[in-house]
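Heads up: the structure comes next, in structure tokens.
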Amino acid sequence: MDQAETLRRLAAQKPKVAEPKADQDIRIIAVTSGKGGVGKSNVTLNTAIALAKRGHATLILDADMGTANIDILLGMDPRLNLGHVIEGKASLFEILVKISDNLYLLPGASGIMDPGYLGIQNLEQLRKDIGQLESMFQYVFIDTAAGVNQMVIQALKGSDRVLLICNDEPTSIVDAYALVKVLYKQDPEAFIQLVVNDVAGEEEAEDVYGKLRAAIQHFLKRDLDYLNHIAHDDVIARGVILQKPFMFTAAESPARGHVEALAEKLESTLADRGGKGLLQLFQRLIQP
């Protein structure tokens, strides 16, 4: 079977899970951080795996156009990626990669210097693909670039929920505040939830949350919701080195337990927020 035939068959397939209910919109979850190195992509990938394991058709869109790395964390080397879609050389379905049951990836491109927006060449094909993707998936995770730039902010504005990843480093807290400040200014209705990553335990996580929340309350007159924490755990680093996410390999570990709890919280509350849809997200990303 040639490559073209393989791609056509993939495009025709749907994840083998129960179809979303007619009144249930696709849920878009953006995962972001004020600075790099806080484990954002790892949180994205392993949380998506946890939801997929719970029977939900889940898609990851690697929207970090400078240093996309979800495929690297998976040990994959996809032939096509979002850069080819931007150039009009491939459709979304042609770059779609199956990770596991219920879980797919739209790989990002590397080496694109903050385009500000995606200059998609074939908008008509893109709209058709988006319509099909919305019928296939229940949850979409957007792994954004770290920091503050216009493409990140547009991705966050096009999402139903923003998971802000932060650790206990002072620079991480300060940069997370800067991101929240910019996002609330451009989108006062943004729904932001904090996930504190790589901490010793709940007490340390609450300390990070307290510092960030106090700054937001004092200077922005807004509040910040706390969702969960993920403990420091050797299985995380081991998974990165082996290019095998710990949600696939670690039967029991603190980090796995915390990610499963995070996925359960998302599952139980996502029905309360949704409806923006993939088309609106991509429209934001492609607008100059």
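For the pair Phe248 and Ala178, label points projected 7 Å from Cα toward Cβ lie 3.5 nm apart.
Beyond 23 Å, the tail of the calculated P(r) for segment 23-286 holds 48 percent of the Cα pairs.
Each of Gly34, Ile130, Val97 was scored by the projection of its Cα onto the charge dipole of segment 28-182, and the greatest displacement toward the positive side belongs to Ile130; charges sit on the C-beta of Lys, Arg, Asp and Glu. Determine the percent antiparallel among the DSSP beta bridges restricted to segment 23-286, to the nearest 5. Antiparallel bridges: around 10 percent, rounded to the nearest 5. Between the C-alpha center of segment 211-228 and that of segment 39-101 there is a gap of 31 Å. Percent of C-alpha pairs per 5 Å bin in segment 167-241, short distances first: 3, 15, 26, 23, 15, 10, 5, 3, 0. For the chain, the relative contact order works out to 27 percent when only alpha carbon pairs closer than 8 Å and six or more residues apart are counted. For segment 23-286, the dipole from Cβ point charges (+1 on Lys and Arg, -1 on Asp and Glu) about the Cα centre works out to 620 debye, to the nearest 20. Amide H contacts under 5 Å for Tyr226: Leu194, restricted to partners 5 or more places along the chain or on a different chain, H placed in the peptide plane at 1.01 Å from N.
From helices alone, the chain scores -13000 deg cm²/dmol at 222 nm; the rule is -39500 (n - 2.57) for each run of n ≥ 4 DSSP H residues, then divide by the residue total.
Quick note: the coordinates plus some simple rules give every number you see, no bench work behind them. Please read all numbers here as calculations on a predicted model, not as lab measurements. All Cβ positions, glycine included, derive from the backbone under ideal geometry; neighbour counts span all protein chains shown.
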